[in-house]
1. Is at least one residue of the range A:156-164 out of contact with any helix residue (DSSP H, G or I) (no Cβ under 6 Å at 6 or more places or on another chain), under 30 Å from B:Gly127 (Cα atoms) and touching a residue at least 24 places away in the same chain (Cβ under 8 Å)?
2. Is at least one residue of the range B:72-82 among the aliphatic types (A, V, I, L, M), more than 27 Å from A:Ile86 (Cβ to Cβ), within 13 Å of another protein chain (Cβ to nearest Cβ) and crowded, with 21+ Cβ neighbours inside 10 Å?
3. Just the residues that are charged (D, E, K, R) and either surrounded by fewer than 15 Cβ atoms within 10 Å (Cβ to Cβ) or at positive phi (or both), please, taken from the range B:133-156.
4. Quick check on A:Leu40: is it part of a helix (DSSP H, G or I) and buried (at least 24 other Cβ atoms within 10 Å of the Cβ)?
5. Being β-branched (Val, Ile, Thr), more than 14 Å from every other protein chain (Cβ to nearest Cβ) and either over 27 Å from A:Leu120 (Cβ atoms) or free of Cβ contacts under 8 Å to residues at least 40 places away in the same chain (or both) is the filter here, so list the residues in the range B:128-161 that pass it.
6. Condition first: within 14 Å of chain B (Cβ to nearest Cβ), part of a strand (DSSP E or B) and either within 16 Å of B:Ile129 (Cβ to Cβ) or hydrophobic (A, V, I, L, M, F, W, C) (or both). Now tell me which residues in the range A:118-173 satisfy that.
7. Can you pull out the residues in the range B:57-71 that are part of a loop (DSSP other than H, G, I, E, B) and either in contact (Cβ under 8 Å) with a residue 40 or more places away in the chain or under 22 Å from the mean Cα position of the chain (by Cα) (or both)?
8. Here's a check for you: in the range A:16-27, which residue that is within 13 Å of the chain's Cα centre (by Cα) and open to solvent by less than 10 Å² (accessible area, probe 1.4 Å) is farthest from A:Phe191 (Cα to Cα)?
Amino acid sequence: MAVNKVFPSFAAAVADIPDGATIMMDGFGGEGGMASHLILALRDHGAKNLTIIGNTVGTSGFGTKVGRDFVHPGILVKNGQVKKAIASFPVSRSPSNPTEFERAYIAREVELEMVPQGTLAERIRAGGAGIGGFFTPTGVGTVVEKGKEKRTIGGKEHILEIALFADYALIRACKADKLGNLAYRGTSRCFNAIMATAARITIAEVDEIVEPGELDPGKIITPAIYVKRIVQRPKEG
Amino acid sequence: MKARLDRETIAMRVAREFKDGDFVNLGIGIPTLASNYIPEGRTVIFHTENGALGFGPIAVEEKDQDIDLINAGGQFVTPLPGMSFFDSAISFAMIRGGHVDITVLGAMQVSEKGDLANWMFPERGIGNIGGAMDLAVGAKKVIVAMEHNDKNGKYKIAKRCTYPLTAKECVNLIVTDLAVMEVTPKGLLLKEIAPGWTPQEVQTCTEPRLILSPELKEIEL
């Protein structure tokens, strides 16, 4: 039988996510690159005690047109499904418009591991690449270095950062073929392309699904080896 | 009260630091405005943490706004010939790897040694590190663009930062609404000053002792 990773619905694609799972998601935090339908399906599915790994933990009004809203990880926080976030940009810039996560964090309902964005990206990359960790100069002399092993390399202080690997990654791409090869649009590649490599089960929400051979092999950014499930987004109406 | 420079003028002064062919990353706020003032005849290639190089100005018209073409501040930008996209790991490899020539960042405090504090909202007990720590550590030149004093008139240029640090001894140049100062091993060198202000007046707005440059001049408007 030919390989076909296409799932019939977003609900079916997230149905086996258990309580306590660690899940990567969020793209860069804006509407583009956000796996909004998968996140909505996960909210309806209801898995609890989740650890979510992402750049933001949901920021309304970011990277979207004025007056428009979109589904982001904030709905999981609001629904009480999140135990902990590993993130770089968890709060909004404006105190008058706090994120769901900020509200929950101040109420001590959620834990936060704050990570510099480049360290977050590299920890994810390392996780997908089978590297246990790496030494980086980012965070030296700041709260980030607390409790971490230090080493001087080339006369410069570095700290040890440990790789991240998740149970699931919910990612967003523009095109997939049925084998699971993915292509992205513009700045929506961001965290999606690295998260795709760093989870036991990567689920991609895509705008269009095509037959194998229809994607230019040179333009495939995430090869099929990383992707387990694909779901097509409904056409924007 | 004497007039201070406005945000646009701070941004204009910052942009004079860009050399032809520089790869530049701009932070949120005043730094972003610097993209409007690139000196004539120079080409500057902008980098953004979310994975693009060589994009154009902010997309003002709704018809030009594309959710797959944003900068790290979430603003819509426009395409330019020669633009490229890449993932977040590569984006930060460029930053940490010293490939970005200049980053311009906002700040809450800068110390006389060039320590930078710009990520925590102290009154909220939480903040966003975002790309600031990597940029402060990795860019070849770190410029801070900010108001010289905070809303309550307190020092932002301090002997020692009291807010949580972004990185130690990373800032090279500070451009404010009052002055341009270079961070040197001996301390802060006052190089340029806002029109109508005296060095003594700028000193009273600054906690650490300023060293007067022998070539001290007015900021050209």
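1. Of the residues in the range A:156-164, the ones out of contact with any helix residue (DSSP H, G or I) (no Cβ under 6 Å at 6 or more places or on another chain) are A:156-158, A:160, A:162.
Then drop every residue that is not under 30 Å from B:Gly127 (Cα atoms), which leaves A:156-158, A:160, A:162.
From what's left, touching a residue at least 24 places away in the same chain (Cβ under 8 Å): A:160, A:162.
Within the range A:156-164, one or more residues are out of contact with any helix residue (DSSP H, G or I) (no Cβ under 6 Å at 6 or more places or on another chain), under 30 Å from B:Gly127 (Cα atoms) and touching a residue at least 24 places away in the same chain (Cβ under 8 Å).
2. Going through the range B:72-82, the residues among the aliphatic types (A, V, I, L, M) turn out to be B:72, B:77, B:80.
Subset that is more than 27 Å from A:Ile86 (Cβ to Cβ): B:77, B:80.
Now drop any that are not within 13 Å of another protein chain (Cβ to nearest Cβ), which leaves B:77, B:80.
Now restrict to residues that are crowded, with 21+ Cβ neighbours inside 10 Å: B:77.
Yes, some residue in the range B:72-82 is among the aliphatic types (A, V, I, L, M), more than 27 Å from A:Ile86 (Cβ to Cβ), within 13 Å of another protein chain (Cβ to nearest Cβ) and crowded, with 21+ Cβ neighbours inside 10 Å.
3. The initial filter retains those residues of the range B:133-156 that are charged (D, E, K, R), namely B:134, B:140-141, B:147, B:150-151, B:154, B:156.
Answer for the range B:133-156, where residues must be charged (D, E, K, R) and either surrounded by fewer than 15 Cβ atoms within 10 Å (Cβ to Cβ) or at positive phi (or both): B:Lys140, B:Asp150, B:Lys151, B:Lys154.
4. Details: part of a helix (DSSP H, G or I): yes; buried (at least 24 other Cβ atoms within 10 Å of the Cβ): no.
Taking the combined requirement at face value, the residue does not satisfy it.
5. Taking the range B:128-161 first, the residues β-branched (Val, Ile, Thr) are B:129, B:137, B:142-144, B:157.
From what's left, more than 14 Å from every other protein chain (Cβ to nearest Cβ): B:143-144, B:157.
Residue satisfying the conditions is B:Ile157 alone.
6. Across the range A:118-173, the qualifying residues are A:Phe134, A:Phe135, A:Thr136, A:Ile153, A:Ile159, A:Glu161, A:Ala169, A:Ile171, A:Ala173.
7. B:Pro57, B:Ala59, B:Asn71, listed by residue number.
8. Step one: list which residues in the range A:16-27 are within 13 Å of the chain's Cα centre (by Cα), which gives A:22-27.
From what's left, open to solvent by less than 10 Å² (accessible area, probe 1.4 Å): A:23-27.
Details: A:Ile23: 13, A:Met24: 9, A:Met25: 8, A:Asp26: 8, A:Gly27: 5 Å.
Only one residue fits best here, namely A:Ile23.
The values are calculated or read from the model by the stated rules, or taken from the named source; none is laboratory data. Values in this document were obtained by computation on a predicted structure and should not be read as measured data. As a convention, Cβ positions derive from the backbone with ideal geometry for all residues, glycine included, and neighbour counts pool all protein chains shown. For accessibility, only protein heavy atoms count, side chains too; no ligands or nucleic acids. Shrake-Rupley method; radii C 1.70, N 1.55, O 1.52, S 1.80 Å.
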